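The values are calculated or read from the model by the stated rules, or taken from the named source; none is laboratory data. Since the structure is predicted, the reported quantities are computational estimates derived from the model, not experimental observations. As a convention, Cβ positions derive from the backbone with ideal geometry for all residues, glycine included, and neighbour counts pool all protein chains shown.
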Amino acid sequence: MSERLEDIAQAMVAEGKGILAADESSGTIKKRFDSIGVESTEDNRRDYREMLFRSDEAMRDSISGVILFDETIRQKAADGTPLVDLIKAAGAVPGIKVDAGAKPMAGHPGEKVTEGLDGLRERLQAYHGLGARFAKWRAVIDIADGIPSWGCIKANAHALARYAALCQENGIVPIVEPEVVMDGPVAAHDADRCYEVTEWALKTLYWEMFEQRVVLEGSILKPNMIVSGKNAANQAGPEEVAEKTVRCLKACVPATVPGIAFLSGGQSDEAATQHLSLMNELGPLPWKLTFSYGRALQAAALSAWGGKRENVAAGQRAFAHRARMNGLAATGQWSAEKEKQAA
């Protein structure tokens, strides 16, 4: 595969494919394993990820890239094959989460800033040697009374831009993820407020990326959709989510960006799929619209697997189903009828 940033970015948004976010932190994967009564040991985490990466149908037909956690990019399958090699063999691009998490922002009660820039150049060099060709950095922006502040938006956008420049310096495509969360402590905002904050965050991000001389053709955006907060009295319907999201992106995201891979951000599996498909029906669009889902791709597979070796095939079937449905959504061809038929 070409090592040009632009070519890697294009491969990450290949037609009808999307990105599997398998970069859960140790704490997050423990919560998910707790939900199925499985101990979060290194071997169990390895076995679970290996099950996904060996899902030949899903990986080959619907997955263009996989975001890994630091532990996972170094792990080998039960037979000794590096997990990175399983991903490459399926035709997908290996990636890595590089931020150190969103931490409370000094002087800004209720707000967070993502850390991890210190030593990032050296870590990126090491990850490139381990096979990573793209990376991900997530900023967390909450909505409540008086927040987000300009200080929070600015600090997170600046960190994202500096991260992106360092990635490109080291031959790695940056995924920039400024997430306006729908499930924060308050989460009572409507879709219009989500639009307002998302527009602010995205316009600030792209100005910061311009100042940091990031090559947009070699980058991918991973944004939230324009949805209501989970506690909002009025919940935006699917068509409203799709229309407002596309309108916001058109107002903020340069056409030179090759693709936009949405996060699912607390939506149900099927809602995340439906929203993506409806957006792609609104084309033509200047960039590819696809998915970069974690829980919305994995929840059914995790439940079907249940930590049991005899359930690996069932887990892979569940993963293949969700991957296939989202692959259809990435080309605007998903429907509730197809969902039922496939299931």
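Overview of values
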{"quantity": "All positions within segment 288-338 that are of a type in the set (D, E, K, R) and either farther than 28 Å from T245 by Cα or in contact with a helix residue (DSSP H, G or I) (Cβ under 6 Å, 6 or more places away or on another chain) (or both)", "calculated": "K308, R309, E310, R317, R322, R324"}
{"quantity": "Odd one out for A126, checked against (1) touching a helix residue (DSSP H, G or I) at 6+ places or on another chain (Cβ under 7 Å); (2) closer than 30 Å to S2 by Cβ; (3) among the aliphatic types (A, V, I, L, M)", "calculated": "(1)"}
{"quantity": "Per-region count, segment 34-61, residues assigned to a helix (DSSP H, G or I) and either of a type in the set (D, E, K, R) or buried (at least 19 other Cβ atoms within 10 Å of the Cβ) (or both)", "calculated": "18"}
{"quantity": "Selection count, segment 203-228, where residues are more than 16 Å from the chain's Cα centre (by Cα) and either in a helix (DSSP H, G or I) or of a type in the set (A, V, I, L, M) (or both)", "calculated": "15"}
{"quantity": "Subset of segment 1-31 [among the charged types (D, E, K, R), surrounded by fewer than 20 Cβ atoms within 10 Å (Cβ to Cβ) and at pLDDT 95 or above]", "calculated": "R4, E6, D7, E15, K30, K31"}
{"quantity": "Matching residues in segment 132-189 - criterion: being charged (D, E, K, R) and not in a loop (DSSP other than H, G, I, E, B)", "calculated": "K136, R138, K154, R162, E169, E177, E179"}
{"quantity": "Residue list for segment 18-33, filter: outside any helix (DSSP H, G or I) and either of a type in the set (V, I, T) or farther than 15 Å from A300 by Cα (or both)", "calculated": "G18, I19, D23, E24, S25"}
{"quantity": "Some residue of segment 149-162 being free of Cβ contacts under 8 Å to residues at least 24 places away in the same chain and either crowded, with 22+ Cβ neighbours inside 10 Å or not basic (K, R) (or both)", "calculated": "yes"}
{"quantity": "Residue among G95, G116, G65 that is on the phi > 0 side of the Ramachandran plot and either assigned to a loop (DSSP other than H, G, I, E, B) or not basic (K, R) (or both)", "calculated": "G116"}
{"quantity": "Residue among L249, L202 that alone is closer than 21 Å to M12 by Cβ, surrounded by 21 or more Cβ atoms within 10 Å (Cβ to Cβ) and either at pLDDT below 95 or in contact with a Cys (Cβ under 9 Å, 6 or more places away or on another chain) (or both)", "calculated": "L202"}
{"quantity": "Subset of segment 100-135 [in contact with a Lys or Arg (Cβ under 8 Å, 6 or more places away or on another chain) and either modelled with pLDDT under 95 or closer than 19 Å to G171 by Cβ (or both)]", "calculated": "L117, L130, G131, A135"}
{"quantity": "Residues that are closer than 16 Å to D99 by Cα and either within 21 Å of the chain's Cα centre (by Cα) or assigned to a helix (DSSP H, G or I) (or both), drawn from segment 119-131", "calculated": "L120, R121, E122, R123, L124, Q125, A126, Y127, H128"}
{"quantity": "Residue selected from segment 98-110 under the condition in a loop (DSSP other than H, G, I, E, B) and among the hydrophobic types (A, V, I, L, M, F, W, C), by the criterion farthest from R162 (Cα to Cα)", "calculated": "A106"}
{"quantity": "In segment 69-92, the residues that are part of a loop (DSSP other than H, G, I, E, B) and among the hydrophobic types (A, V, I, L, M, F, W, C)", "calculated": "F69, A77, A78, A90, A92"}
{"quantity": "Residue list for segment 217-256, filter: of a type outside the set (S, T, Y) and closer than 22 Å to D145 by Cβ", "calculated": "N224, I226, V227, G229, K230, N231, A232, A233, N234, Q235, A236"}
{"quantity": "Matching option when the condition is β-branched (V, I, T), in contact with an Asp or Glu (Cβ under 9 Å, 6 or more places away or on another chain) and buried (at least 23 other Cβ atoms within 10 Å of the Cβ), among V176, V180, V241", "calculated": "V180"}
{"quantity": "G107 being loosely packed, with under 15 Cβ neighbours inside 10 Å, touching a residue at least 40 places away in the same chain (Cβ under 8 Å) and touching a Gly at 6+ places or on another chain (Cβ under 9 Å)", "calculated": "yes"}
{"quantity": "Qualifying residue in segment 62-81 (condition: of a type in the set (D, E, K, R) and buried (at least 20 other Cβ atoms within 10 Å of the Cβ))", "calculated": "no"}
{"quantity": "Scope segment 307-342; condition among the charged types (D, E, K, R) and under 14 Å from S55 (Cβ atoms); matching residues", "calculated": "R317, R322, R324"}
